[in-house]
Amino acid sequence: MTKAKAEDLDFDTLGFAYHDLPYRYHAEYHNGQWGPGELSTESNLSMSEAAVALHYGLQAFEGMKAYRRQDGGINLFRPIENAKRLQRSADRLLMEPFPVDRFVEAAKEVVKANQDFVPPYESGGALYLRPLLIDTTPNIGLHGGQDFTFVIFATPVGAYYPGGLTPTSFVTSDFDRAAHGGTGQAKVGGNYAASMLPGKKAHDAGYSDVVYLDPIHHEYIEELGSANFFGITKEGQFQTPKSPSILPSITKFSLLEIAREQGLNPIETSISINDLDQFAEAGAMGTAAVISPVGSITHHGQKHVFYSETEVAPVTQKLYDRLTAIQYGDEEGPAGWAVDVPLD
Ligand code: PLP
Ligand code: COI
C-alpha cells in the first residue's frame with residue numbers, strides 16, 4: 001500500500017478508512033520483558049504462520065482519538081482509560097499487558113510524528129489511533145504465551161456512521177455478539193468476528209448497525225455492533241444498558257458524567273426492547289461513533305421511530321456539544337480528560 005500524503009487528503013470528507021501513515025509505534029515482548037519500542041515506518045507485521053494470534057485469536061485492540069484544538073495544539077481524550085482497558089483485555093486472554101505509562105507516551109509519540117494528519121479544527125475529523133496487542137508465540141497447542149507485539153498505528157477519520165449527526169436506522173438481530181461470562185467486556189477481535197455476519201445483513205438491508213439483545217432472553221438491549229446505546233426517557237433521564245457482556249465504553253462513562261452535570265439523572269439499567277416507547281431520544285456512543293443519533297430501531301419487522309429520522313434531538317445535541325467541546329479543547333472538562341500532546 002502506498003504511504004498517505006497529508007496534502008492529498010480532503011479532511012472535510014473523510015470517512016472511516018485506513019490510510020498508511022508515515023509512522024507507527026512498535027514494541028516486542030520476548031524473554032520475559034518488553035523491549036524499548038520505537039517509531040517505525042514499516043506498516044507490515046511479520047510473524048510465524050503458527051502465531052497464536054492468527055489461529056486462536058489471541059489479540060486485543062483499542063480505539064482512541066487525537067483532536068486538533070483551535071490554538072493548533074492537539075488533545076488526546078482520556079488515553080489512560082484506553083491503556084487500562086487494553087490491560088484488562090490482555091488479562092482476559094492471558095496476554096502480557098503493555099504498561100499504562102508507556103502506552104500513553106507511545107500514543108503521544110505517534111500523534112506527534114503524524115501531526116500533519118490530524119484533521120483541522122472544525123473539520124469534524126480526528127486522528128484515530130488503533131493500539132493493537134497480539135500474541136505472536138508460535139504454537140499449535142491451545143495456549144499462548146511468551147512473545148507479543150504491541151503496535152499503535154493511526155489514520156485520520158471523519159464520521160463513522162454515514163449520517164454523522166443525522167439520525168440513522170438500526171435493527172435487532174437473532175445473532176448474539178457475546179455471551180454473559182464470555183469476552184464481551186474485553187475489546188478483542190473475536191467479538192467483532194462474531195458480529196460481521198449480522199452486521200453485513202443489517203447493512204445490506206439498509207441499516208447502519210445491529211442492536212444486539214441479551215444472549216439469554218433476547219429481550220434486553222446490550223449494545224450496537226460498534227458502540228454503546230443510550231436513551232433519553234420522556235421524563236428526561238439518561239439511561240444506558242447494564243450488562244456483563246458489553247464493552248465498558250469510555251465515551252459511555254464520560255457521558256454518564258456529562259449527563260449528571262446536565263441534570264439528566266443518568267442510570268445504567270436493563271432496557272427491554274419492548275419498552276422503547278419510554279424514550280424520547282436514542283443514540284449510539286463510542287470513540288468512532290462519537291454520539292450518533294438513533295433515528296429508529298426495527299425489531300421483528302416493527303419500526304420504532306424516536307425523536308425524528310432526520311433531525312438530531314435536543315438532549316442528544318446538548319450531550320454532543322459538551323462532549324466534543326471538551327475533546328476539541330473548547331471547554332474545560334473534568335481533570336485528566338483532555339491530555340495535551342507536546343509537539344516540539
Ligand atoms: N461497544 C463496542 C462494541 C465498540 O466497538 C465500541 C468502540 O470502541 C464501544 C462500545 C464504545 O467504546 P469507547 O467509547 O470506549 O470507544
Ligand atoms: C471504536 O469506536 O474505537 C471502535 O473500536 C469501533 C470500531 C468498530 C471502529
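Taking amide H atoms as placed 1.01 Å from N in the peptide plane, the amide H of Tyr160 has no partner under 5 Å among residues 5 or more positions away or on other chains. Shown in residue order for region 273-286 are the 3J(HN,Hα) couplings computed by the Karplus curve 6.51 cos²θ - 1.76 cosθ + 1.60 at θ = phi - 60°: 5, 7, 10, 5, 4, 5, 9, 8, 9, 8, x, 9, 9, x Hz (x for Gly and Pro).
Rg then Dmax, both in Å and based on the Cα atoms of region 1-117: 15.9, 48.
Note: region 213-288, Cα convex hull, 80 Å³ per residue. Computed from the Kirkwood radius of its Cα pairs, the Stokes-Einstein diffusion coefficient for the chain at 25 °C and 0.890 mPa s stands at 118 µm²/s.
Compute the length gained on full extension between Glu49 and Gln317: take 0.36 nm times their separation in residues and subtract their Cα-Cα distance, giving the result in nm to one decimal. All intermediate terms of the calculation are to be shown ahead of the outcome.
Values: separation 268, 0.36 × 268 = 96.48 nm, distance 4.82 nm.
91.7 nm is the gain from fully extending Glu49 to Gln317.
How large, in Å, is region 93-158 by the Kirkwood hydrodynamic radius built from its alpha-carbon pairs? Show your work: numbers first, answer last.
Details: mean 1/r = 0.0723 Å⁻¹.
Evaluated over region 93-158, this radius sits at 13.8 Å.
Report the relative contact order of region 68-156, percent, no decimals, based on alpha-carbon pairs under 8 angstrom and at least 6 residues apart.
27 percent
Over the Cα atoms of region 188-237, compute the convex hull volume and normalise it per residue, giving Å³.
Residue-normalised Cα hull volume stands at 112 Å³.
Can you list the HN-Hα couplings for region 76-89, worked out from phi with the Karplus curve (6.51, -1.76, 1.60; θ = phi - 60°), rounded to whole Hz and with x for Gly and Pro? Once θ is set to phi - 60°, the couplings for region 76-89 become 9, 9, 6, x, 4, 5, 5, 4, 5, 5, 5, 5, 5, 5 Hz. Short-range pairs are left out: with C-alpha atoms under 8 Å and at least six residues apart, the relative contact order of the chain is 19 percent. Its residue count N fixes a reference of 2.2 N^0.38 Å for region 26-78, and the Cα radius of gyration divided by that reference is 1.63.
Rg and Dmax of region 216-344, based on Cα coordinates, read 15.2, 56 Å.
Report the local net charge at Pro22: Lys and Arg +1, Asp and Glu -1, summed over other residues whose C-beta lies under 15 Å from its C-beta. Spell out each step's value before the answer.
Working: positive: Lys3, Lys5, Arg24, Lys112; negative: Glu7, Asp8, Asp20, Glu38, Glu42, Glu109, Asp116.
Net charge around Pro22: -3.
Compute the orientation-averaged projected area for region 48-108 from the convex hull of its Cα atoms and round it to one decimal in nm². Before the final figure, lay out the partial values.
Numbers: hull surface 20.6 nm².
Over every viewing direction, the Cα hull of region 48-108 projects on average to 5.1 nm².
For region 43-180, the square roots a ≥ b ≥ c of the C-alpha gyration tensor eigenvalues yield an a/c of 1.5 or more together with a/b not exceeding b/c, which makes the shape oblate. Along its three principal directions, the equivalent ellipsoid of region 274-315 from the Cα gyration tensor extends over semi-axes of 18, 12, 10 Å, largest first.
Quick one: length gained pulling Lys234 to Phe253 fully straight, 0.36 nm per residue minus the C-alpha distance? Spell out each step's value before the answer.
Working: separation 19, 0.36 × 19 = 6.84 nm, distance 2.19 nm.
Answer, rounded to one decimal: 4.7 nm.
Rounded to the nearest whole Hz, the Karplus-based 3J(HN,Hα) values (6.51 cos²θ - 1.76 cosθ + 1.60, θ = phi - 60°) of region 111-120 follow the sequence 5, 4, 5, 10, 4, 5, 9, 7, x, x, with x at glycine and proline. The calculated 222 nm mean residue ellipticity attributable to helices in the chain amounts to -6500 deg cm²/dmol, summing -39500 (n - 2.57) over DSSP H runs of n ≥ 4 and dividing by all residues. The value given for region 280-344 is a Kirkwood hydrodynamic radius of 13.8 Å, derived from the mean inverse Cα-Cα separation. Here each label is just a point 7 Å from Cα along the line to Cβ, and for Arg260 and Glu42 those points are 4.7 nm apart. Taking only the alpha carbons of region 125-231, we obtain Rg and Dmax values of 16.6, 49 Å in that order. Anyone know which of Gly145, Gly32, Gly124 comes out most mobile in the 10 Å Cα GNM of the chain? Top of the fluctuation ranking is Gly32.
The numbers here are math on the coordinates, done by the rules we state, and not lab data. It should be emphasised that the depicted structure is a prediction, and the values quoted were computed from it without experimental measurement. No Cβ is skipped: glycine too gets one built from the backbone with ideal geometry, and neighbour counts run over all protein chains shown.
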